[in-house]
Amino acid sequence: MLTPRKTRVVVLISGSGSNLQALIDGVAAGDLPIEIVAVISNRPEVLGLERATRANIHAEVLDHKTFAHRESFDQALKEKIDSYQPDLIVLAGFMRILTAEFTQHYQGKMLNIHPSLLPKFQGLHTHERAIEAGETRHGVTVHFVTAELDGGPAAVQASVPIVAGDDATTLSKRVQRQEHVIYPLAVKWFAEGDLRMIDGKSVLKGEPLSSSGFQIWSDET
Ligand code: GRF
């Protein structure tokens, strides 16, 4: 009997790679039916590259600073990614705005994680902004990538409380604990064929999800 081919995943990073680590750990624990075929960073010498190498995953750098235009970087990145013939591309702290052509090429095959309860707080400095806005809860969203920055359909969202005395550091730590739960979960769903983007919506096990995705509520402080 043929064993089903594992979902081939390329992970894009720019920094510490703790979300990459959560995926590596999920594979090692036998929880994720994926093969991480490559890790690509747009920044040299980041911790995420070391994490990949330690796990015997092919890791390489494509430095955006060596390209004159966003378009030429995205084109080179696309060629590099496609050389690994991935089924899924996972943006894990990849701090680049992508061209519409690039995102369209991977429509329905690319996930991103964003540290806010989207559609709230798209863009940067989400933890500070959530505290300043007087929110009582904050969180993180895994979504399919479309041409709209932080705007594609949500797959799963985890929310955490904001407590008295929180600053961006304490809050980001609380949010990151959930990141490391929901990213492996979304990738597992995708790999098992349960999560898809259909007609611009996230669909889980055949059911279209609400615009905020599958909800996870944490009261951990
Ligand atoms: C995470 O907070 C993620 O939500 C954001 O970038 C950060 C990446 O962290 N998109 P790491 O590199 O996975 O540790």
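The values are calculated or read from the model by the stated rules, or taken from the named source; none is laboratory data. These numbers come from a predicted model, not from an experiment. Because the Cβ atoms are built from the backbone with ideal geometry, glycine has one as well, and the counts that use them run over all protein chains shown.
Among the residues in the stretch 133-141, are any among the β-branched types (Val, Ile, Thr) and farther than 17 Å from ASP219 by Cα? No - not one qualifying residue is present in the stretch 133-141.
Taking the stretch 159-180 as the range and being of a type in the set (A, V, I, L, M), away from the ligand (no atom under 11 Å from the Cβ) and under 30 Å from GLY193 (Cβ atoms) as the test, only VAL160 passes. State whether one or more residues within the stretch 44-58 are hydroxyl-bearing (Ser, Thr, Tyr) and touching a Gly at 6+ places or on another chain (Cβ under 6 Å). Looking for residues that are hydroxyl-bearing (Ser, Thr, Tyr) and touching a Gly at 6+ places or on another chain (Cβ under 6 Å), one finds none in the stretch 44-58, hence no. Name the residues in the stretch 180-221 that are of a type in the set (Asp, Glu), closer than 14 Å to ALA158 by Cβ and modelled with pLDDT of 95 or more, would you? The answer is ASP219, and nothing else.
Here GLY15 clears all of (1) modelled with pLDDT of 95 or more; (2) more than 23 Å from MET95 (Cα to Cα) except the condition numbered (2).
Could you say which residue among SER41, SER116 is more than 24 Å from THR7 (Cβ to Cβ), surrounded by 20 or more Cβ atoms within 10 Å (Cβ to Cβ) and not β-branched (Val, Ile, Thr)?
Of SER41, SER116, the one residue that is more than 24 Å from THR7 (Cβ to Cβ), surrounded by 20 or more Cβ atoms within 10 Å (Cβ to Cβ) and not β-branched (Val, Ile, Thr) is SER116.
Under the condition of being outside any strand (DSSP E or B) and at pLDDT 95 or above, which residue from the stretch 148-166 is nearest to SER211 (Cα to Cα)? Restricting to residues being outside any strand (DSSP E or B) and at pLDDT 95 or above, the top hit is PRO153.
Among the numbered conditions (1) touching a residue at least 40 places away in the same chain (Cβ under 8 Å); (2) part of a loop (DSSP other than H, G, I, E, B), the only one that ARG196 does not meet is (2). Checking PHE67, PHE73 one by one, the residue that is in contact with a Phe, Trp or Tyr (Cβ under 8 Å, 6 or more places away or on another chain) and surrounded by fewer than 17 Cβ atoms within 10 Å (Cβ to Cβ) is PHE67 and no other.
Output the residues belonging to the stretch 17-46 that are of a type outside the set (A, V, I, L, M) and more than 30 Å from LYS65 (Cα to Cα). Matches in the stretch 17-46: ASP25, GLY26, GLY30, ASP31, PRO33. Among strands (runs of 3 or more DSSP E) entirely within the stretch 22-140, having at least 2 residues that are within 12 Å of the ligand (Cβ to nearest atom) and at pLDDT below 95 singles out no element at all.
Scanning the stretch 1-59 for residues that are polar (S, T, N, Q) and out of contact with any Lys or Arg (no Cβ under 9 Å at 6 or more places or on another chain) gives THR3, THR7, ASN19, SER41, THR53, ASN56.
Scan the stretch 68-76 and tell me whether some residue there is in contact with a strand residue (DSSP E or B) (Cβ under 8 Å, 6 or more places away or on another chain) and either closer than 29 Å to GLN178 by Cβ or not hydrophobic (A, V, I, L, M, F, W, C) (or both).
Checked against the condition, which is being in contact with a strand residue (DSSP E or B) (Cβ under 8 Å, 6 or more places away or on another chain) and either closer than 29 Å to GLN178 by Cβ or not hydrophobic (A, V, I, L, M, F, W, C) (or both), the stretch 68-76 yields no hits at all.
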